[in-house]
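Enquirer: Here's a structure for you.
The values are calculated or read from the model by the stated rules, or taken from the named source; none is laboratory data. Everything numeric here is computed off the predicted structure, so don't read it as measured data. Note that we place each Cβ from the backbone using ideal geometry, even for glycine, and neighbour counts take in every protein chain shown.
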Amino acid sequence: MTIALAIEQLLNGLQLGVMLFLMAAGLTLIFGVMGLINLAHGSLYMVGAFACATIAAWTGSFWLGLVASLAAAAAAGAIIELTVIRRLYDRDHLDQVLATFALILIFSEGTRWIFGSFPLYLDIPPLLQGAVALPGGAEYPLYRLAIIAVGAAVAIGLYLLISKTRLGMRIRAGESDREMIGALGVDIRTLYTIVFALGSALAGFAGAMVGALQSVQVGMGEPVLILAFVVIVIGGIGSIKGALIGAILVGVVDTLGRFLLPQILAILLPPAQAGLMGGALASMLIYIVMAVILAVKPRGLFTAHG
Amino acid sequence: MKNLLSAAVIGLGIAATGQAAAEPLKIGMITTLSGGGAGLGMDTRDGFMLAIKQAGNKDIEVITEDDGQKPELAVQIADKMIQSDQVDILTGIVWSNLLMAVAPSAVAQGKFYVSTNAAPAALAGEKCNPLYFNAAYQNDNLHEAMGEYANKDYKKMFIMAPNYPAGKDSLTGFKRYYKGEVAAEVYTQVGQTDYAAEIAQIRASGADGVFIFLPGGMGIAFMKQYSQSGVKTPVMGPGFSFSQDVLPAIGDAALGVKNSGQWAKDLDNEANKKFVPAFQAEYGRLPSIYAVQAYDAAQLILSAAAKADVKDTEAFRAELLKADIQSPRGKFKFNTNQHPIQDIYVAEVIKEDGVLTNKIIAPVFTDHGDAYAKDCKM
């Protein structure tokens, strides 16, 4: 294995991790602040991707599409918070899971009804097309580097928002004791709507960014949702820092597993079998990592509630 | 999820030839109309219904239900269709794993199954059944054709498929005919959406060609990412990854890709010249390979129903076997295992009036059957 290949694969892992972070940050924020399990988070990711693809097709500009994805996902998030989610805070987790699962079905079939079953076209903006040379002789797609940069910017932005602003203070207070901050005169209902819309916007943004790399189609959010849940369970539910570390861990482990396991097995087995076995093991790897981490630290790497 | 999508009784009556049954012939179509694979199911349904509509036979009733690409749901629907709807023929399943859950038990209960797409090796070989027909191909066929085609210009191929039965059949089929060196054989996760790790391996492998079998959204994701990666190694694959349902979503990244198929839009025969515009007029889009396969499945059923009563299993089967249809594929007949013998071509993705589509460049196999027919004892 050459250095160039190793660098490329590490970057791939990092990029997958950053993308998962955008999903997991919203999910963990919503869980941390409101105690709500939101299965429909993957649907908001899909809403973002469809909004971006539609606006990009209309206007010819990916950047307007990206803005539209933020707006559409935030609006969709705010609307479902006001109409459905708001009624679920006092219910137990089973009710929340059922209601948000229903939202997945409504979003999926609604999207199919509007856009049809065929995948939409969304391409990378011309500015970010192509590959750049890396030290060591590797080439790497510019767009993936941009995703890494954007993810890092979002991580820093979220850190500043939560630790330095008044809104962040209220979010932290809401995590610790929601009755108390209500009693102190903070409009907790509005706060919840804002947090939910923020988490939704992050998911929609991730959907739009990834939509340009993958296919924009109904049901695209659910596989990512599962990974995002793995991330927040590893990272510690409610912790943004945990989501970041967990996401990068999952991204790197998954990428390197897919790449290295078949090669390691190929030392022992014929290539065709090594490919099959390695592929099967690689798809289990992140769940094995999750199980090991939970065995050692049952509440995840970073627990938000001390 | 169990939504009855349509229960269609079609058409104006014509005086059916021969012994038209007093009771209508009931066909149960189970296909994927929701989820990521819905595009394939919709083309299947629409191709099938086009043939039914063109025939205008009022004695044929088609009940359609959505399996959501879930085997357990497909089994439930099949049970319901057989027991309470009392269908005579089942059809429509897109995916091999769903077919394996439904078809063997349906034929065991004395129902015909005419497959519009899925064609696992098991049902073509030892477990073949007199009541099971496949109107599409055998799963390995298009991969075999690519293997044969690759012999011409490629010395070292990187081959890749998802880790599930059809994926394994794919790479097995490819290697059955490919004589060159295999640089690497990679199995990805089913439904995988990010191929960065695999593309890095392709770059490092030194292969002079890449063969992929990544149907639906997987292929779209791969091709878009591949075109951005700076890797220039040519890509080829079976027609599924580059059929009319996915090409618009891949965009120009698909241009020039070689892919195999038993049909293409520009195939020069009378039936095809009628089929393509008729499909376009009815549904406002170009047909895909799935639509053609379903169209032929419906034609086969119609041709048999015109001459025999479905309740008379032997007679109906004999009529089906004759394959007395005008297929848009041109030549079409059944092998001893009731899978097609047909020509297979290699096509290239081109842009025509701003629309991406396939153009045939060379025939690869003539009158091609499959490797499993010899194991089928009927």
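Enquirer: Identify, from the list B:Ala347, B:Ala264, the residue that is under 22 Å from B:Asn139 (Cβ atoms), in contact with a strand residue (DSSP E or B) (Cβ under 8 Å, 6 or more places away or on another chain) and assigned to a loop (DSSP other than H, G, I, E, B).
Expert: One residue alone meets the criteria, B:Ala264.
Enquirer: If you don't mind, another one. If you go through segment B:108-121 one residue at a time, do you hit one that is of a type outside the set (A, V, I, L, M), more than 19 Å from the chain's Cα centre (by Cα), at pLDDT 90 or above and crowded, with 21+ Cβ neighbours inside 10 Å?
Expert: Yes: segment B:108-121 contains one or more residues that are of a type outside the set (A, V, I, L, M), more than 19 Å from the chain's Cα centre (by Cα), at pLDDT 90 or above and crowded, with 21+ Cβ neighbours inside 10 Å.
Enquirer: Could you please let me know if A:Ile234 is surrounded by 23 or more Cβ atoms within 10 Å (Cβ to Cβ) and either more than 13 Å from A:Met23 (Cα to Cα) or without any contact (Cβ under 8 Å) to a residue 60 or more places away in the chain (or both)?
Expert: Here the answer is yes, as A:Ile234 does meet what is asked.
Enquirer: Also, quick follow-up: Is it true that some residue in segment B:360-370 is assigned to a loop (DSSP other than H, G, I, E, B) and crowded, with 16+ Cβ neighbours inside 10 Å?
Expert: Our first condition is that a residue be assigned to a loop (DSSP other than H, G, I, E, B); within segment B:360-370, this holds for B:369-370.
Okay, now just the ones that are also crowded, with 16+ Cβ neighbours inside 10 Å, so B:369-370.
Looking for residues that are assigned to a loop (DSSP other than H, G, I, E, B) and crowded, with 16+ Cβ neighbours inside 10 Å, one finds at least one in segment B:360-370, hence yes.
Enquirer: Continuing with the same structure: Can you confirm whether A:Ala78 is without any contact (Cβ under 8 Å) to a residue 40 or more places away in the chain, surrounded by fewer than 24 Cβ atoms within 10 Å (Cβ to Cβ), within 22 Å of the chain's Cα centre (by Cα) and part of a helix (DSSP H, G or I)?
Expert: No.
Enquirer: Okay, moving on. Please find, within segment A:1-13, the residue that is nearest to B:Ala184 (Cα to Cα) out of those that are more than 7 Å from every other protein chain (Cβ to nearest Cβ) and out of contact with any helix residue (DSSP H, G or I) (no Cβ under 6 Å at 6 or more places or on another chain).
Expert: So the residue we want is A:Met1.
Enquirer: Here is a list of conditions, (1) within 29 Å of B:Pro287 (Cβ to Cβ); (2) more than 8 Å from chain A (Cβ to nearest Cβ); (3) touching a helix residue (DSSP H, G or I) at 6+ places or on another chain (Cβ under 8 Å), and B:Thr233 meets all of them except one; can you say which number that is?
Expert: Of everything listed in (1) within 29 Å of B:Pro287 (Cβ to Cβ); (2) more than 8 Å from chain A (Cβ to nearest Cβ); (3) touching a helix residue (DSSP H, G or I) at 6+ places or on another chain (Cβ under 8 Å), B:Thr233 misses just condition (1).
Enquirer: To continue, here is another question. Of everything in segment A:1-30, what is out of contact with any Ser or Thr (no Cβ under 7 Å at 6 or more places or on another chain) and farther than 13 Å from A:Gly151 by Cβ? Give them in sequence order.
Expert: At the first step, the residues of segment A:1-30 found to be out of contact with any Ser or Thr (no Cβ under 7 Å at 6 or more places or on another chain) are A:1-8, A:10-11, A:14-15, A:17-25, A:27, A:29-30.
Correct list: A:Met1, A:Thr2, A:Ile3, A:Ala4, A:Leu5, A:Ala6, A:Ile7, A:Glu8, A:Leu10, A:Leu27, A:Leu29, A:Ile30.
Enquirer: How many residues, within segment B:55-77, are within 21 Å of the chain's Cα centre (by Cα) and closer than 22 Å to B:Val292 by Cα?
Expert: The total comes to 8.
Enquirer: Which residue pairs have Cβ atoms under 6 Å apart, sit 6 or more places apart or on different chains, and have a first residue in segment B:28-42 that is away from every other protein chain (no Cβ under 12 Å) and a second that is of a type in the set (Ser, Thr, Tyr)?
Expert: Close Cβ pairs (under 6 Å, with a partner that is of a type in the set (Ser, Thr, Tyr)) amount to B:Met29/B:Thr64; B:Met29/B:Thr91.
Enquirer: For segment A:14-24, check the following and say yes or no: at least one residue is buried (at least 24 other Cβ atoms within 10 Å of the Cβ), within 23 Å of A:Ile286 (Cβ to Cβ) and not hydrophobic (A, V, I, L, M, F, W, C).
Expert: Quick first cut of segment A:14-24, residues buried (at least 24 other Cβ atoms within 10 Å of the Cβ) only: A:15-24.
Subsequent filtering for residues that are within 23 Å of A:Ile286 (Cβ to Cβ) retains A:15-24.
Right, trim to not hydrophobic (A, V, I, L, M, F, W, C) and you get A:15, A:17.
Taking every residue of segment A:14-24 in turn, at least one turns out to be buried (at least 24 other Cβ atoms within 10 Å of the Cβ), within 23 Å of A:Ile286 (Cβ to Cβ) and not hydrophobic (A, V, I, L, M, F, W, C).
Enquirer: Residue by residue through segment B:1-60, note down the ones that are outside any loop (DSSP other than H, G, I, E, B) and at pLDDT below 90.
Expert: Within segment B:1-60, B:Leu4, B:Leu5, B:Ser6, B:Ala7, B:Ala8, B:Val9, B:Ala38, B:Gly39, B:Leu40 meet the criteria.
Enquirer: Oh, and also: If I go through segment B:160-187 residue by residue, how many of them are out of contact with any Ser or Thr (no Cβ under 9 Å at 6 or more places or on another chain) and either outside any loop (DSSP other than H, G, I, E, B) or modelled with pLDDT under 90 (or both)?
Expert: Total meeting the criteria: 14.
Enquirer: Given the residues B:Asp245, B:Asp252, which is the only one that is under 21 Å from the mean Cα position of the chain (by Cα) and either assigned to a loop (DSSP other than H, G, I, E, B) or touching a residue at least 40 places away in the same chain (Cβ under 8 Å) (or both)?
Expert: Unique residue meeting the criteria: B:Asp245.
Enquirer: Next up: Scanning segment B:101-124 for residues that are hydrophobic (A, V, I, L, M, F, W, C) and in a loop (DSSP other than H, G, I, E, B), which turns out nearest to B:Ala78 (Cα to Cα)?
Expert: Per the stated criteria, the residue is B:Ala118.
Enquirer: From the set of residues in segment B:222-253 that are hydrophobic (A, V, I, L, M, F, W, C), modelled with pLDDT under 90 and crowded, with 24+ Cβ neighbours inside 10 Å, which is nearest to B:Leu171 (Cα to Cα)?
Expert: Among residues in segment B:222-253 that are hydrophobic (A, V, I, L, M, F, W, C), modelled with pLDDT under 90 and crowded, with 24+ Cβ neighbours inside 10 Å, the one nearest to B:Leu171 (Cα to Cα) is B:Phe240.
Enquirer: Select from segment A:100-137 the residues that are within 25 Å of B:Asp252 (Cβ to Cβ) and within 8 Å of chain B (Cβ to nearest Cβ) and list them in ascending order.
Expert: Across segment A:100-137, the qualifying residues are A:Ser117, A:Phe118, A:Pro119, A:Leu120, A:Tyr121, A:Asp123, A:Ile124, A:Gln129, A:Gly130, A:Ala131.
Let's see how each residue does on (1) touching a Phe, Trp or Tyr at 6+ places or on another chain (Cβ under 9 Å); (2) crowded, with 20+ Cβ neighbours inside 10 Å; (3) more than 9 Å from chain A (Cβ to nearest Cβ):
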position	(1), (2), (3)
B:Tyr137	no, yes, yes
B:Lys152	no, no, yes
B:Tyr178	yes, yes, yes
B:Ala197	yes, yes, no
B:Gly209	yes, yes, yes
